[in-house]
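Read through the structure below, which is laid out as structure tokens, and then see the notes.
The values are calculated or read from the model by the stated rules, or taken from the named source; none is laboratory data. This is a predicted model, so every value here is computed, not measured. So basically every Cβ, Gly included, is an ideal-geometry build from the backbone, and we count neighbours across all protein chains shown.
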Amino acid sequence: MYSLSRKRTTYDIIREMLELSRHGIRKTNLMLSCRLSFDLLKKYLSILETNGLVREEGRLIVITPKGSVVLQILRRLSSLDQEAEYLDKRLQELIPSTTDSYMKVIRAS
């Protein structure tokens, strides 16, 4: 799902946690599936719970309706980011003399 060449963003991690919690998941399985340390798991779970995106039901972490909305937005954002990266590569192929990529200019703003 993720390229090994780039560092995951907070949004990447949150999106993955929300995806995995759609059907309920134990904390240990969530930590292992997301490749997080225990401390990072606690940090991100705190963010998700504080903002009402997940809740604990017994021993399971489950996504809330608000979390489902956020997940849809994060999926769309990821899709747009991938499309922008593809288009940037195409522009660099078509106009090779440019030194700045569109993505570098946008992210620097």
Within the stretch 42-67, restricting to residues that are surrounded by fewer than 19 Cβ atoms within 10 Å (Cβ to Cβ) and within 13 Å of L20 (Cβ to Cβ), the one that is nearest to the chain's Cα centre (by Cα) is V62
In this structure, is K89 among the charged types (D, E, K, R), at pLDDT below 90 and either exposed (fewer than 11 other Cβ atoms within 10 Å of the Cβ) or in contact with a Ser or Thr (Cβ under 7 Å, 6 or more places away or on another chain) (or both)?
-> no
Quick one: in the stretch 11-45, of everything that is in contact (Cβ under 8 Å) with a residue 12 or more places away in the chain and polar (S, T, N, Q), which residue is nearest to L77 (Cα to Cα)?
-> S21
Unique match (being in a helix (DSSP H, G or I), of a type outside the set (A, V, I, L, M), at pLDDT 95 or above and surrounded by 13 or more Cβ atoms within 10 Å (Cβ to Cβ)) among S78, S21 | S21
Could you give every pair whose Cβ atoms fall below 7 Å, whose first residue belongs to the stretch 76-89 and is in contact (Cβ under 8 Å) with a residue 12 or more places away in the chain, and whose second residue is surrounded by 10 or more Cβ atoms within 10 Å (Cβ to Cβ) and not in a helix (DSSP H, G or I), counting only separations of at least 6 or pairs across chains?
-> D88/S101
